[in-house]
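Single-structure report; data block below.
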Amino acid sequence: MKRLTHCVIDTTKLIYNGERKIHEPNVTLIAFNNEVIENYKISNMQEFNPRDFRGKKLWINIDGLHDSELIQNTAEKFKLHPMIIENLANVHQRPTAEIYGTQCHIIMKMLNFDVKQETFQHEQLSIIFSDNWLITFQEEPGDVFDSIRHRMSLKSRIRLNKIDYLAYALMDMITDTYFRSMDIVSDWLEALENSIMSTTTNHKQTVQEINDLKHDLSKLRRFIWPVRDIVNQLTREDEDLISKETSKNLRELYNTLAQLIDNLELYRENLSNMLDLYLSNLSYKMNDIMKTLTVITTIFIPLTFITSIYGMNFVNLPEIHTKYGYFVVMGLMLMVMMLMIRYFRKKRWI
């Protein structure tokens with residue numbers, strides 16, 4: 001975590017490097033205190049004045065980062081540090097937290113499982129808060145915070161505590177989505193293990209599933225690991241930024257993330273073991289096939305030898321004029337084959 005107090009950046013050069021996911025940005029405001037809560041939709045940030053809500057804490061949510069004018073107007077209204085604005089535009093950052101004077105900027109990744117494509121989609125979330133306001137920037141509408149909004153409609157701890165507690169609640173809710181993602185991975189691992197042990201396994205499909213799951217686990221690891229460091233650093237901040245109540249909850253969140261990371265590493269280890277199991281199973285099946293083919297070949301070697309002798313086109317072959325020579329040779333070949341099969345079974349080769 002970095003603590004910076006002064007930096008000058010030309011916000012007119014703000015460049016959004018992500019994909020434009022919505023046509024028009026959407027800005028909502030929740031103004032609340034211990035007694036009341038009010039919801040607004042802000043259509044013009046330039047005309048918005050935070051001073052109209054004195055005595056209340058503000059949560060402003062902005063969907064859409066492509067509108068540089070909206071971001072700059074927001075920065076001017078809340079006197080955001082220029083480095084915060086620059087980091088907002090870069091949606092390919094790893095999760096991090098930075099302190100700029102009395103402002104804290106937290107970057108996390110929200111995960112969503114796409115049922116149709118059966119893959120994890122991610123979206124960058126920025127949480128910026130100071131004394132009595134908090135701003136969240138999202139790339140597109142839709143999030144996992146509906147339960148928090150519902151709790152705020154009641155007289156919950158979010159309304160009673162400082163604004164930093166709302167930041168903690170948002171981080172905690174995102175962590176819950178990580179657990180749900182891990183549950184999906186757990187189901188995949190179980191299905192993959194059953195597929196590996198099946199006798200009708202499609203080998204090409206199994207290899208593809210292993211590679212896809214390995215990629216998903218790497219993505220989850222890249223998103224989750226830094227969050228634990230973020231929470232750990234926030235618990236060490238002074239009480240001007242993080243209250244004792246919030247710090248206590250952040251320590252519990254740290255333990256939760258530690259458990260989540262342990263599960264993640266366990267799943268990665270299980271996947272590695274499954275890959276070894278799959279390769280061993282594949283090798284065993286191949287060896288079994290080769291053994292069967294070798295036994296069949298060995299059985300036919302003496303039979304081929306006998307038929308090759310009597311297949312020679314020499315005139316002086318005494319047995320060729322024997323009345324029952326054909327039946328004798330066929331019986332001999334059958335007897336040799338039966339003796340060899342009995343011998344192989346006795347040795348447990350077949």
Residues of type lysines that residue 56 reaches as a straight line, Cα spacing below 26 Å, ignoring anything fewer than 8 places off in the same chain = 41, 77, 79, 155, 162, 244, 248
Debye, to nearest 20: dipole size of the chain, +1 on Lys, Arg Cβ, -1 on Asp, Glu Cβ | 1480 debye
Residue 347: which lysines have alpha carbons under 19 Å from its alpha carbon, excluding same-chain residues fewer than 8 sequence positions away?
-> 291
Per the charge dipole of the chain (beta-carbon charges, Lys/Arg positive, Asp/Glu negative, Cα centre), the residue among 138, 49, 124 reaching farthest to the positive end is 124
Would you work out which of 343, 327, 298 lies farthest towards the positive end of the dipole of region 288-350? Charges go on Cβ: Lys and Arg +1, Asp and Glu -1.
-> 343
Listed candidates (i) 73, 20, 16; (ii) 32, 23, 18; (iii) 86, 28, 21 - label of the one calculated as semi-axes √(5λ) of the Cα gyration tensor in Å = (i)
Which one of 198, 181, 218 has the biggest mean-square fluctuation once the chain is modelled by GNM with Cα springs under 10 Å?
-> 198
Region 53-107-region 316-350 distance, computed between alpha-carbon centres (Å) = 89 Å
13 Å Cα-Cα reach of residue 204 towards aspartates and glutamates, excluding residues that sit fewer than 8 places from it in its own chain | 212
Name the residue farthest towards the positive end of the dipole of the chain from the options 278, 154, 95, assuming +1 on Cβ of Lys and Arg, -1 on Cβ of Asp and Glu, about the Cα centre.
-> 278
Please give the helix 163-197 orientation as an angle from the longest Cα principal axis of the chain, in degrees from 0 to 90, rounded to the nearest 10.
-> 10 degrees
Exposure proxy order (Cβ contacts within 10 Å, fewest to most) of 162, 155 | 155, 162
Looking at region 23-63, which GluC sites (Glu not before Pro) are DSSP coil and have at most 12 other C-beta atoms within 10 Å of their C-beta?
-> 35
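By count of other Cβ within 10 Å, fewest leading, how are 225, 133 ordered?
On the way: 225 16, 133 21.
Listed from fewest to most nearby Cβ atoms, that is 225, 133.
Coordinate-derived values only; no laboratory data. All figures in this text were calculated on a predicted structure; none of them were measured in a lab. Glycine also receives a Cβ, built like all others from the backbone with ideal geometry; neighbour counts cover every protein chain displayed.
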